[in-house]
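Colleague: Sending over a structure as structure tokens; questions will come in a sec.
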Amino acid sequence: MKLANLPNWPKRLKAIFFVACWAIFSGYYFLKNQFGYPPMYWLELVATLPVFVLIAHGVFFSLNRIFVQRHAVSGVLTLAVGYVMVFFLAYGLVNWVNPYLPEPFNDGKPIAATNPYFLQTIFTALINFSVVAIVFFLIYRIVEYANARRLEAEAKVAALEKALAAEYEKQQYEYLALAGEVSPHFYANMVLTWKGQLGGQFRQIGESMEKTHDMLMYHVEAREPGREVVPLQREIDYMLLYLELMNKPDFPVFVSYELTDRTNGLTIPPTTLISFVNNAVKHGVANDPAQPIRIQLSFVDDVMRFSCRNRIKAVPDQKSHGVGLANVRRRLEIQYEGAYLLETRREGGEYCVELTINY
């Protein structure tokens, strides 16, 4: 523990520090007066030390109350009461010790409070130790102020470093977002080029590639400013297009639908339903006609309800990190704060996604 950090020390260590200081002072004070005349006795030291301690700490406490806590009136009153207490304490201790000294004053008889020698001694002690307390208070406050400014500067540096780190992270995410926007455009154009090269020779493949191009462009448009929502029917159409593209001869996708036709005027964040169906195809059982993916979408009393259920694979092909679902949840929160409910759960061997939007 550095002495310069004394204002920040725990109270227990401060108490130990001051006790040690007064022990050293008492030894110094005794030795200094031991060679005077009359010499000082240990009993006198025991009687005078509490007076010195009360003066020093009482003045420090009062100054702290006046200048730091801004309680001037109570601080001045405390200082005055402290001086009065010191006077009566010193008077009581002197008369208690005096009869037991080898060379007592006034033949060991009680010393009057108006005794000139006693008054001179007590006033000298008050002045000297008040000055010491004032000097210590000033040093203490200067150190405390310097430490406070240092901590404030360190906090500002830490906040600046945090802000710089956040700005750097923001730039990284912005770069990744921009890079992500380039990729779908590139692949969409490349798919369209392949479709043109195939021409009429492979008509079915060409049609599939054209649909893939449309799906890619839908994802690209979903990331453009001002495309926070799209017509619900358009999202449904692209959801069905996605399932059509996933349905391959060697890996058929079996789906049962119950879709409402009341979609006029309804909107939804783009790729929301596609994300749910994509997870069902990727992570669920999709090629068993006895256990198809079940999709339901209804609209009653201004409330849309969508559910997608699929059987869970015994051994998953790939691990789900939940990033896509978190993205959808965040976009729904921004668009329908407090007016939507998205639940995902396991029911036996099935995985179920349920979305409710109150328009």
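The values are calculated or read from the model by the stated rules, or taken from the named source; none is laboratory data. Just so it is clear, the model here is predicted, and its values are computed rather than measured. Neighbour counts are summed over all protein chains in view; Cβ atoms, including those assigned to glycine, are modelled from backbone coordinates with ideal geometry.
Colleague: Mind listing just one residue for me: the one in the range 228-251 that is in a loop (DSSP other than H, G, I, E, B) and among the acidic types (Asp, Glu) and, of those, nearest to residue 304 (Cα to Cα)?
Modeller: Going through the qualifying residues, I end up with 228.
Colleague: Quick check on my filter: what residues within the range 60-76 are in contact with a Leu (Cβ under 9 Å, 6 or more places away or on another chain) and buried (at least 17 other Cβ atoms within 10 Å of the Cβ)?
Modeller: 62, 63, 65, 66, 75
Colleague: In the set 253, 300, 353, 323, which member is at pLDDT below 85 and either of a type in the set (A, V, I, L, M) or surrounded by 19 or more Cβ atoms within 10 Å (Cβ to Cβ) (or both)?
Modeller: Result: 323 is the single residue among 253, 300, 353, 323 that is at pLDDT below 85 and either of a type in the set (A, V, I, L, M) or surrounded by 19 or more Cβ atoms within 10 Å (Cβ to Cβ) (or both).
Colleague: Which numbered condition trips up residue 274, out of (1) touching a strand residue (DSSP E or B) at 6+ places or on another chain (Cβ under 9 Å); (2) part of a helix (DSSP H, G or I); (3) among the hydrophobic types (A, V, I, L, M, F, W, C)?
Modeller: Of everything listed in (1) touching a strand residue (DSSP E or B) at 6+ places or on another chain (Cβ under 9 Å); (2) part of a helix (DSSP H, G or I); (3) among the hydrophobic types (A, V, I, L, M, F, W, C), residue 274 misses just condition (1).
Colleague: Additional query: Can you tell which of 346, 294, 305, 309 is in the same structural domain as residue 240 (by TED's automatic domain parsing) and under 37 Å from the mean Cα position of the chain (by Cα)?
Modeller: 346 is the lone residue from the list that is in the same structural domain as residue 240 (by TED's automatic domain parsing) and under 37 Å from the mean Cα position of the chain (by Cα).
Colleague: Further question on the same structure: Hey, any hits in the range 37-57 for a residue that's at pLDDT below 80 and at positive phi?
Modeller: Checked the range 37-57: no residue is at pLDDT below 80 and at positive phi.
Colleague: I would also like to ask the following. Would you be able to tell me the number of residues in the range 95-136 that are outside any helix (DSSP H, G or I) and modelled with pLDDT of 80 or more?
Modeller: 7
Colleague: Checking residue 221 against (1) under 25 Å from residue 286 (Cβ atoms); (2) outside the structural domain of residue 276 (by TED's automatic domain parsing); (3) not polar (S, T, N, Q), which test does it fail?
Modeller: Here residue 221 meets the rest and fails (1).
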